Amino acid sequence: MWSDDEAIDISSLDWQKGNGLLPAVVQDADTLQVLMLGYMNDKALEQTYETGLVTFFSRSRNEIWQKGETSGNTLQLVSVRVDCDRDTLLVQARPAGPVCHLGTPGCFDDGLAPGIGFLARLEQVVSARRTVPDETSYTSKLFAAGKKRIAQKVGEEGVEAALAGVTGDTDELKEEAADLLFHLTVLLQANDVPLSEVMSVLRARHQKS
């Protein structure tokens with residue numbers, strides 16, 4: 001979640017280059033999916049910081065507008081970063097619904113987060129199955145079975161992935177690795193450990209290596 005201490009010095013940005021506007025690329029803070037491109041003037045950025053909701057300047061309407069002010073599909077601010085030339089913003093946020101007016105998650109595609117970012121989306125789905133159980137959902141049934149059963153499944157899938165790797169069956173390895181990642185995600189959620197904290201451990205180890 002964003003805090004006041006992380007705010008950029010608005011006066012230090014290069015507002016002149018874009019006639020008072022800076023392009024703002026919005027990225028999902030969890031999946032890292034690029035969601036949309038908007039523009040901000042100094043007042044829009046200031047309001048974004050004040051409210052914690054991403055706010056833009058509409059070039060067509062010539063006015064400030066808060067994303068989701070009519071649809072309810074707001075963007076909860078996580079962070080704002082500035083590029084090396086101080087004339088472009090990278091906004092990380094958590095969307096409360098579809099970002100695009102066409103009803104898709106983002107404005108650049110209609111699918112799920114690409115690449116490894118899909119793991120964050122998977123985590124969101126797994127968390128939802130835990131919070132609001134669905135009796136037809138395998139994930140919900142796993143949570144109902146308890147941590148021991150979930151941990152057992154992680155062990156089983158880990159062994160099967162290892163065996164597939166030893167035999168060199170790459171197709172089987174992909175399948176078993178997917179099963180392992182899924183069940184590990186469930187186990188992490190069952191213990192209230194978000195993937196972001198696991199990533200932090202990996203990042204810290206990387207810095208030491």
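The values are calculated or read from the model by the stated rules, or taken from the named source; none is laboratory data. Quick caveat: nothing in here was measured; it's all calculated off a predicted structure. Every residue, glycine as well, gets a Cβ built from its backbone with ideal geometry; the counts of neighbours run over all protein chains shown.
Taking the listed residues THR88, THR104, the one that is of a type in the set (Ser, Thr, Tyr) and in the same structural domain as ILE10 (by TED's automatic domain parsing) is THR88, with no other qualifying.
Scan GLU176, GLU157 and give me the residue that is within 26 Å of GLY146 (Cβ to Cβ) and in contact with a His (Cβ under 8 Å, 6 or more places away or on another chain).
Details: GLU176 fails: in contact with a His (Cβ under 8 Å, 6 or more places away or on another chain).
The conditions single out GLU157.
Is it fair to say ARG59 is of a type in the set (D, E, K, R) and not assigned by TED's automatic domain parsing to the domain that holds ASN19? So ARG59 fails the test. When the residues of the range 82-106 are filtered to those that are surrounded by fewer than 15 Cβ atoms within 10 Å (Cβ to Cβ) and free of Cβ contacts under 8 Å to residues at least 40 places away in the same chain, the one that is nearest to the chain's Cα centre (by Cα) is GLY97.
Only one of the numbered conditions (1) within 30 Å of LEU180 (Cβ to Cβ); (2) at pLDDT 95 or above is violated by ALA113, and that is (2). Set side by side, the residues LYS147, LYS141 differ, and just one is in the same structural domain as LEU187 (by TED's automatic domain parsing), within 23 Å of LEU195 (Cβ to Cβ) and in contact (Cβ under 8 Å) with a residue 40 or more places away in the chain, which is LYS147. Sub-6 Å Cβ pairs linking a first residue in the range 7-22 that is in contact (Cβ under 8 Å) with a residue 60 or more places away in the chain to a second residue that is among the aromatic types (Phe, Trp, Tyr) and surrounded by 13 or more Cβ atoms within 10 Å (Cβ to Cβ), at least 6 apart or interchain, are ALA7/TYR49, ordered by first then second residue.
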